[in-house]
Amino acid sequence: MADTSQIAPELLAGLEFFPDLDFSRGMAPFREMAQVRPPLPVPPGLEVVELSTRMIPGAPGDPEVKVVIFTPPGSPSGPRPAVLHIHGGGYVIGDAESFSGLCRVNALKHDCLVVSVDYRLAPETTWPGSLQDCYAALRWLHAD
């Protein structure tokens, strides 16, 4: 088992449920595994949700941020509500399309836009870079 001296004692018991992960090469092996997997097929009925990608301004001094926009079908009678989706992955793995099925379901079920932010990942991006990307997406969404 790996060195657990930096783990909060109350969390140690939960480690038995996780596989023994080797972080000696950083996040590269985990990102490689995610890239090798073929993308999940779009569940039936959800293909009607349109996907578009856009680059938006980042925080001052930061690069642009990619967002994926999930748009339900039909013409709204007025402005549609919108949801900012920040994917799971602890700011170290994943991307804006990691939860594409969930984003499609929410867009269709609630007749809203879902904007998923493709924030920069750690450790290549140090804190608070990832958070700044998410905030830039929120500001863009609010202003647009």
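Structure values in brief
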{"quantity": "Amide H partners (placed H, <5 Å) of His85, local residues excluded", "calculated": "Val115, Ser116, Val117"}
{"quantity": "Alpha-carbon spread of the stretch 70-132, three principal axes, descending order, Å", "calculated": "43, 20, 11"}
{"quantity": "Cβ-derived FRET efficiency at R0 25 Å, Trp127 paired with Leu12, nearest 0.05", "calculated": "0.50"}
{"quantity": "Full-extension gain in nm, Asp62 to Lys109, via 0.36 nm per residue minus C-alpha separation", "calculated": "13.5 nm"}
{"quantity": "Pairwise FRET efficiency - Ala143 versus Val92, Cβ, R0 = 25 Å, nearest 0.05", "calculated": "0.30"}
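Read the figures in this text as sums done on the coordinates, not as results from a lab. Predicted model, so just to flag it, every value in this text is computed and none were measured. Virtual Cβ from ideal backbone geometry, glycine too; neighbours counted across all protein chains shown.
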